[in-house]
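Report on the following structure.
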Amino acid sequence: MNKIDETETTHTPISLMAVFADAFKIEPNKQSFLLRGIYQDRKRNSYRGYYFDRLKDERGGQIITLKLPEKLKQQVADGGFYCFQGQLQKDVRWDGVIEPVFLVTRLVQQIADDDVGRADIRATLRQAKVGQGYGDLEAKLRAILAEGQRPHIALISGKTSIVLLDLFAALKQARNSYQFSEQRINLLDKEAIIHALLAADEKFDLIAIIRGGGPGLQIFDDVEIAEAALQLKSDLATAVGHAQDETLLEQIADQRFTTPTAFGTFLRETGVASQEPANAKTTKPTQATPANRLVIWILLAAMLLTLGVLLGMALS
């Protein structure tokens, strides 16, 4: 057995887990978050003034530990749907398990039962999209481009929006590879969005909703808009100028882009990649066929014969 090198740091399991836990730097613990879900009371005693209960995601079975102060414990009931404000922390257990913990600082609101019902509907719609399958936009666009065609894309954007300039700037030289049709509507009007989606269906290779950031993004969480999107035969892309949260429509879309610029970059890279094989063919040196080689040999023989005759005349 080798002797331990005293210059090396020697850990115990506890100290090693402490080092491992420190490796998970949770910057958000300096910020305050809103977290909603279904409260689960574990029916346990408090520990140092806190109850360690659970919060379940209304969309599925994901659960996070809730560090709930005693004064707030009295305001919630098991099975209730709540929105809390707090900070994300980590808990290092004695058995070496590290888990995220949400420290509650404020009870924001109790969400009504009808909102819980809408949450169930949203979960059903997301599951329906999973069952349908998500379209492969890159493969579809490349196939159309490979046939020498220009994919026809409907761009649904706000009436006075200038975000399409960002999209076209990102496209650069690849803009001519596509055919675009701009559909200008009020993106705060649910009925206008639904009508635009259904009117464009099957008339375009791809439908894209383009919007910048700012207020009003909650319109894309509307259940009826998502239901209309599920009916589309054409592929749907969203390019909305925010990256913090995915709205329901973005989850229903075949592909989500965080910004219009990101969507433009995707189209440019897809268009350029589709052109590379054609360019490679045009720059490839032309190889002589057997027929061409025969013609060359005949011409060379005729030239040699002519030179022989001229040389013989000169010597005579």
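Some notes on this structure:
- Residue list for segment 221-265, restricted to those being more than 13 Å from the chain's Cα centre (by Cα) and among the small types (Gly, Ala, Ser): 226, 228, 229, 234, 264
- Segment 229-252, subset open to solvent by 10 Å² or more (accessible area, probe 1.4 Å) and among the charged types (D, E, K, R), residue modelled with the highest pLDDT: 235
- Test: residue in segment 81-104 that is among the polar types (S, T, N, Q) and outside any strand (DSSP E or B): no
- Filter result (among the charged types (D, E, K, R), modelled with pLDDT of 90 or more and open to solvent by 70 Å² or more (accessible area, probe 1.4 Å)) within segment 96-134: 106
- Residue 34 open to solvent by 80 Å² or more (accessible area, probe 1.4 Å), modelled with pLDDT of 80 or more and either out of contact with any helix residue (DSSP H, G or I) (no Cβ under 8 Å at 6 or more places or on another chain) or not hydrophobic (A, V, I, L, M, F, W, C) (or both): yes
- Top-ranked residue in segment 180-212 [being out of contact with any helix residue (DSSP H, G or I) (no Cβ under 7 Å at 6 or more places or on another chain) and touching a residue at least 40 places away in the same chain (Cβ under 8 Å); ranked as farthest from residue 239 (Cα to Cα)]: 203
The values are calculated or read from the model by the stated rules, or taken from the named source; none is laboratory data. Everything numeric in this text was worked out from a predicted model, so none of it was measured. Glycine also receives a Cβ, built like all others from the backbone with ideal geometry; neighbour counts cover every protein chain displayed. Accessible surface areas use protein heavy atoms only, side chains included; no ligands, DNA or RNA. Shrake-Rupley method; radii C 1.70, N 1.55, O 1.52, S 1.80 Å.
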